[in-house]
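Scroll down for the structure; my scribbles are underneath it.
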Amino acid sequence: MRSISVYDFIKIKIASMEYAPGSNFSEMELAKELDAPRAKIREAFNLLEQDKLVQIIPQRRTTICKLDLGDILDSIFIVRSILIAVVKDVLSQPGETELAVIPLRENLSAIENGTTFSDVDFFKVNHQFYLGLSELSGFQRLNKIVFKEKLNIDRALRLSLAKQKDYLPIARLYGKVLDGLLSGDAGKPINALCELANTLEQCANLAMKNNPHLFK
């Protein structure tokens, strides 16, 4: 656990659904699994509880919180609103925008045009898409907010996208947003972001329908 904090490690496992909603842990068990001091595990659990990702029952166990459809829909709305604001702001500096967006578009093309790719490949591009857009603002705090909310969205996506072909519509919407940015017409990426948000809402509802036991 030297290269990444215990907090970040557990958060990544929650986002990837490897630690599924409703899973129980004890400080002792996780300390042994991660070869980390129990104090570090306790500190991580406390931070994750502040993020509303775990529920701590003192002296007994820590449970990964179940998903909440309302929270996921709120996260989609927050991320959409932030990215729309970023798009409106950065299109006043088209030269700088192109330098940041073109590499993102090239990375995304590998998914759109690929015959085979894994969920790891998709979520790597997914991460780059949100990271790249939020960083266009130049405000690091926005980046942190987006990634906090994105965890909810990613968990819903993992539950609703079962096959490779299911990822393509999302990837193509990412491409539509980036193409809109490159066009310089603010209306195009904004409309694409709204379309993306609507699609993500559908995914969230499907995730709950197919996995009711993982939701509150």
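Read-outs: derived from the displayed coordinates by stated rules, not from any lab. Everything numeric in this text was worked out from a predicted model, so none of it was measured. Here Cβ is always computed from backbone atoms with ideal geometry, including for glycine, and neighbour counts include all displayed protein chains.
Roughly speaking, what is the stretch gain from residue 8 to residue 106, that is 0.36 nm per residue apart minus the C-alpha to C-alpha distance, in nm to one decimal?
Values: separation 98, 0.36 × 98 = 35.28 nm, distance 2.84 nm.
Extra length from residue 8 to residue 106 when fully extended: 32.4 nm.
Mean residue ellipticity at 222 nm, helices only, the chain: -24000 deg cm²/dmol; runs of at least 4 DSSP H residues each add -39,500 (n - 2.57), and the sum is divided by the number of residues.
When the alpha carbon coordinates of segment 69-214 are projected onto the principal axes, the ranges are 47, 34, 24 Å, largest first.
Residues whose amide H lies under 5 Å from that of residue 66, counting only those 5 or more places away or on a different chain, are 22; hydrogens are built 1.01 Å from N in the peptide plane.
Please identify the helices of the chain, taking whole runs of DSSP H, that span at least 24 Å along their own axis as judged from the Cα atoms and have a mean Kyte-Doolittle score of 1.0 or higher. Intermediate values should be presented prior to the final figure.
Values: long enough: 69-90 (32 Å, 1.56); 94-113 (27 Å, -0.12); 140-160 (30 Å, -0.50); 164-183 (29 Å, 0.05); 187-210 (34 Å, -0.05).
The answer, listed by residue number, is 69-90.
Site pair residue 63 and residue 140 shows an inter-label distance of 3.7 nm when each label is modelled 7 Å from Cα along Cα→Cβ. Calculated FRET efficiency, residue 165 to residue 71, Cβ-Cβ distance, R0 = 22 Å: about 0.20 to the nearest 0.05.
Only alpha carbons enter this Debye calculation for segment 6-64, each as an equal point scatterer, and the log10 of I(q)/I(0) it gives at q = 0.19, 0.23 Å⁻¹ is -0.58, -0.89.
Computed extension gain for residue 128 through residue 33, at 0.36 nm per residue and net of the alpha carbon distance, reaches 31.2 nm. Between residue 185 and residue 113, how high is the FRET efficiency from 1/(1 + (r/R0)^6) when r is the Cβ-Cβ distance and R₀ = 22 Å? Nearest 0.05. That gives a FRET efficiency of 0.35.
From largest to smallest, the equivalent ellipsoid semi-axes obtained for segment 30-81 from the alpha-carbon gyration tensor read 28, 12, 9 Å. Can you figure out the FRET efficiency of residue 96 with residue 213, using R₀ = 35 Å and their beta-carbon distance, to the nearest 0.05? Efficiency for this residue pair is about 0.15.
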